[in-house]
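First the structure, in the form of structure tokens, and then the observations on it.
The values are calculated or read from the model by the stated rules, or taken from the named source; none is laboratory data. Computed from a predicted model, the values in this text were never measured in an experiment. A quick note on method: Cβ atoms are made from the backbone with ideal geometry, for glycine too, and the neighbour counts reach across all protein chains shown. Accessible surface is based on the protein model in full, side chains and every heavy atom, while ligands, DNA and RNA are left aside. Shrake-Rupley method; radii C 1.70, N 1.55, O 1.52, S 1.80 Å.
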Amino acid sequence: MGSPLTSISLSEAMNRDEKNKLRYGSDHAYPADELMPLTCRGRVRGLEPSRGDIDDALGKFSLTLIDTLDTLALLNKTVEFEEAVRRVVADVRLDNDIVVSVFETNIRVLGGLLGGHSMAVMLKESGRMVWYQDELLHMAKDLGLRLLPAFNTSSGLPYPRVNLRYGVRGPETRTGTETDTCTACAGTIILEFAALSRFTGDPTFEAHARRALDFLWEKRQRNSNLVGTTINIHSGEWVSRDSGVGAGIDSYYEYLMKAYILLGDDRFLQRFNTHYASIMKYISQPPLLLDVHIHKPLLPARTWMDSLLAFFPGLQVLKGDIRPAIETHEMLYQVTKKHNFLPEAFTTDFRVHWAQHPLRPEFAESTYFLYKATRDPYYLEVGRTILENLNRFARVPCGFAAMKDVRTGSHEDRMDSFFLAEMFKYLFLLFAEEDDLPFNQFLLFVYFKCIKYFMANNPEHLELLRRMGVSLIHLKDGRVQLVQHATQAVSAIAAEDGMRFMQEMMELSSQQQKEQLPPRAVQIVSHPYFGRVVLTAGPAQFGLDLSKSSSGVRGFVTVAEPYNGCSELSNGEIVAGRIALLQRGQCMFAEKARHIHKAGAIGGIVIDDNEGSSSDTAPLFQMAGDGRNTDDVTLPLLFLFHKEGNILLEALKEYREVEVLLSDKARDRGETLSKTERRCEYEKILICEEGEEKDHTSPASLEPVDQSQLTTQEQTTDDSVLGQESVQPAEGLGSYVSVDVGEEPAVDGDSSSQSVDSLMADWQEDLAAFKQMEKDEL
């Protein structure tokens, strides 16, 4: 991150005049779809040499002008905006006999018309553009109807292309023979189609977009919860089984999250969260994001990344997962500093894989989101770098030219509409002062963790929220999300109350984040771990404060009965003197603590019941009290997410007697071993029972595993082996070592034969996957 001196000097340097330089561009190409900035003329499809699929975005409908309508309004260029709307209404035709991309036409043209309509309505309400009679909306509906024939498939997935005049059926369409489409192409429709349905009152558009999303969701790989890159629109079979967050899939994930924000439908958020957990488990290799195979998600599909994944840190900010967003964004910034722009594709060591750069906006988008989330001036510095590189290397007399090769600095006679429609927009928003923005934000949402401030299960409280247009969702990682839709409030006054409520909740949430207790540690100290495995734990806001205990609390663990700990324990005599394991849910944390305290437990560990949750991807969880005095709870209570809790449960299943140390930070291994244990570990002998010695001579089960020295097959043979879980400690836990504690080698012939058969079967499966990889790459 930037130093304080860098931040201060940058802030001082960013004066209003300099920021104004970011906002303005000119159009030398009207009424053509795009500007050709090197030859200073418009690009008209059919008059210029074909560029293949890239030209499918061009429909002889003044693409760039329509795509940038809302940008003009955002820049407060109301005179220019009004003139642009008049031009679109008077000159643009949508019934051209031309084959266009359904995906590109939807996001750029339909989206541009709807965005322009929204801005025109707001200006009309403020007393300007009083002549406007929803002309852009009528054009949007006309275009939506021209796109609908593409959805006439048995699956509901759209054809990738459509003829604006003739649809997809018949020889005159010159399309409709395709069988495949990309996941993003089929899954990036819902925002525009749902908005069109809501504006016009015609549910047809939204219904088709929802059907396509439902089909993609059903076709996800059920074990990995990932989707492939390319799918057959008729059979639903995956054509390309690679899965990542870049080209071919990117905006599918983006639209799931934003559809939830726009429409308030919980299903979209639930689907996004399911996919996101798998992305962070398989694709995310911080700070890298590498494609995998959906059926074998531990198999890497390639060793390079494409520039479209640069949107992902911004999406992580929307989700509230800031730390990995910062890490990946910083990686992308280093690539940018090395090559001046993000190459279309680059390797894990930041070398160029594909050298082009068509002035894509995704990195600027993520920079904007991170600045808004953190207010760190460092991201203004990043934006300044983007701006300076554009002016130094891409600016030409008639506009900004795409880079043909970032290594040589050569140009391409190309300026896509998204440069003015998105890149300019994000840079303007990044540097804009509050009084530069003509419109207020209409949608607020916040990740809210202060459950103690109101009871989320109280029907009266929920009804009050509903009346203010506020909905509430429990997330799998333990947080509660509040979303306000002002239009869903019972009255304008209630909507204003909702806005104030959201502001107060954000302040409370911000205050609580400042007051958060540091993480705690659950360290497994018994054989064969001997302190090597440390699990990141969340603290409780009541009970024994482990930061004030020099030795922590050490004891053997046992599962409470009932497991939820919500009633008096039936195995109290076993729990006495031990640390109780409890499942989250069905009652308050303080109630669980009181029940195990009454049974004589010396501590408690609550394990999350949400499968897949992990301290790797979720923020630290603190357990709140129940609103009553909790001075009667004197034992320590810690919280483990599902992944970390499962490590502890598996250890208990395998070794029966598992001893742990609950503390404020991991202890040095020497501090956790008794004198006998130190001798036994040295000799690889453990005294199991009085007068009996058991030999454990498998050093691999006691030594750390260097994952970088394993082959691909070794890394992916069995992802269920406990030792392959990577437990990341939270900040402040100090160093740790992970250890392979998988089963020891079999000694009898049958077991050995069975193991060989299993390995051979798995090897055959891997071989088939590698062959598929080669086919996909070709």
Evaluation of S615 against (1) open to solvent by 20 Å² or more (accessible area, probe 1.4 Å); (2) modelled with pLDDT of 90 or more; (3) in contact with a Ser or Thr (Cβ under 7 Å, 6 or more places away or on another chain) (one fails), failing number: (2)
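Considering only segment 126-181, state which residues are among the hydroxyl-bearing types (S, T, Y), within 17 Å of V100 (Cβ to Cβ) and surrounded by fewer than 15 Cβ atoms within 10 Å (Cβ to Cβ).
Quick first cut of segment 126-181, residues among the hydroxyl-bearing types (S, T, Y) only: 126, 132, 153-155, 159, 166, 173, 175, 177, 179, 181.
Next, only the ones that are within 17 Å of V100 (Cβ to Cβ) stay: 159, 166, 173, 175, 177, 181.
Answer for segment 126-181, where residues must be among the hydroxyl-bearing types (S, T, Y), within 17 Å of V100 (Cβ to Cβ) and surrounded by fewer than 15 Cβ atoms within 10 Å (Cβ to Cβ): just T177.
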Qualifying residue in segment 53-66 (condition: part of a helix (DSSP H, G or I), open to solvent by 40 Å² or more (accessible area, probe 1.4 Å) and not basic (K, R)): yes
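Which is within 24 Å of I107 (Cα to Cα) and more than 16 Å from the chain's Cα centre (by Cα), of D250, D306? Steps first, answer last, please.
Details: D250 fails: more than 16 Å from the chain's Cα centre (by Cα).
The match here is D306.
Pick out the one residue from T78, T105 that is crowded, with 16+ Cβ neighbours inside 10 Å and closer than 26 Å to Y252 by Cβ. Walk me through it before giving the result.
Working: T78 fails: closer than 26 Å to Y252 by Cβ.
After ruling out the rest, the residue left standing is T105.
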Cβ-Cβ under 7 Å pairs, at least 6 apart or on other chains, segment 235-251 side closer than 10 Å to A184 by Cβ, far side hydroxyl-bearing (S, T, Y) and open to solvent by 10 Å² or more (accessible area, probe 1.4 Å): G248/T229; G248/T230; I249/T229
Long-range neighbours under 6 Å by Cβ, at least six apart or interchain, first residue within 11 Å of D33 (Cβ to Cβ) within segment 47-58, second open to solvent by less than 40 Å² (accessible area, probe 1.4 Å) and acidic (D, E): L58/D33
Any hit, segment 260-272, residues being modelled with pLDDT of 95 or more, in contact with a Gly (Cβ under 9 Å, 6 or more places away or on another chain) and either under 25 Å from L332 (Cα atoms) or part of a loop (DSSP other than H, G, I, E, B) (or both): no
Subset tally (residues that are open to solvent by 10 Å² or more (accessible area, probe 1.4 Å), under 20 Å from the mean Cα position of the chain (by Cα) and on the phi < 0 side of the Ramachandran plot) for segment 221-240: 4
Complete set of residues in segment 567-583 that are closer than 26 Å to L620 by Cβ and open to solvent by 30 Å² or more (accessible area, probe 1.4 Å): R578, Q583
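Need at least 3 residues that are among the aliphatic types (A, V, I, L, M) and farther than 30 Å from S284 by Cα per element, so show me which strands (runs of 3 or more DSSP E) inside segment 550-633 make the cut, counting only ones lying wholly within it. Don't jump to the end; show me each part of the working.
Working: elements: 553-559, 579-583, 603-607.
It comes to 553-559, 579-583.
Every residue, every condition in (1) of a type in the set (G, A, S); (2) on the phi > 0 side of the Ramachandran plot; (3) surrounded by fewer than 21 Cβ atoms within 10 Å (Cβ to Cβ); (4) in contact with a helix residue (DSSP H, G or I) (Cβ under 9 Å, 6 or more places away or on another chain), yes or no:
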position: Q316; (1), (2), (3), (4): no, no, no, yes
position: D349; (1), (2), (3), (4): no, no, yes, no
position: W354; (1), (2), (3), (4): no, no, yes, yes
position: P361; (1), (2), (3), (4): no, no, no, yes
position: D376; (1), (2), (3), (4): no, no, yes, yes
Residue among F341, F311 that is touching a residue at least 60 places away in the same chain (Cβ under 8 Å), under 25 Å from Y378 (Cβ atoms) and assigned to a loop (DSSP other than H, G, I, E, B): F341
Count of residues meeting criterion [over 18 Å from R267 (Cβ atoms) and either among the aliphatic types (A, V, I, L, M) or open to solvent by less than 10 Å² (accessible area, probe 1.4 Å) (or both)] in segment 184-194: 1
Some residue of segment 277-290 being surrounded by 19 or more Cβ atoms within 10 Å (Cβ to Cβ), in contact with a Phe, Trp or Tyr (Cβ under 9 Å, 6 or more places away or on another chain) and in a helix (DSSP H, G or I): yes
Filter result (more than 20 Å from Q285 (Cα to Cα) and touching a Pro at 6+ places or on another chain (Cβ under 8 Å)) within segment 345-369: W354, A355, Q356, H357, F369
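Considering L482, L443, L462, which residue is hydrophobic (A, V, I, L, M, F, W, C), open to solvent by less than 40 Å² (accessible area, probe 1.4 Å) and at pLDDT below 80? Quick ask: steps written out before the conclusion?
Numbers: L443 fails: open to solvent by less than 40 Å² (accessible area, probe 1.4 Å); L462 fails: open to solvent by less than 40 Å² (accessible area, probe 1.4 Å).
On inspection, the qualifying residue turns out to be L482.
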Residues that are in contact with a Lys or Arg (Cβ under 8 Å, 6 or more places away or on another chain) and in a helix (DSSP H, G or I), drawn from segment 101-145: V102
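Considering only residues that are without any contact (Cβ under 8 Å) to a residue 40 or more places away in the chain and out of contact with any strand residue (DSSP E or B) (no Cβ under 7 Å at 6 or more places or on another chain), look in segment 147-171 and name the one that is nearest to L213 (Cα to Cα).
Residues of segment 147-171 without any contact (Cβ under 8 Å) to a residue 40 or more places away in the chain: 149, 152, 167-171.
Keeping just the survivors that are out of contact with any strand residue (DSSP E or B) (no Cβ under 7 Å at 6 or more places or on another chain) gives 152, 167, 169-171.
Working: N152: 15, G167: 22, R169: 23, G170: 27, P171: 29 Å.
Result: N152.
Could you please let me know if T676 is out of contact with any His (no Cβ under 9 Å at 6 or more places or on another chain), assigned to a helix (DSSP H, G or I), modelled with pLDDT under 90 and of a type outside the set (G, A, S)?
On the way: out of contact with any His (no Cβ under 9 Å at 6 or more places or on another chain): yes; assigned to a helix (DSSP H, G or I): yes; modelled with pLDDT under 90: yes; of a type outside the set (G, A, S): yes.
Taking the combined requirement at face value, the residue satisfies it.
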Sole exception among (1) touching a strand residue (DSSP E or B) at 6+ places or on another chain (Cβ under 6 Å); (2) surrounded by fewer than 17 Cβ atoms within 10 Å (Cβ to Cβ); (3) within 21 Å of D664 (Cβ to Cβ) for I596, by number: (2)
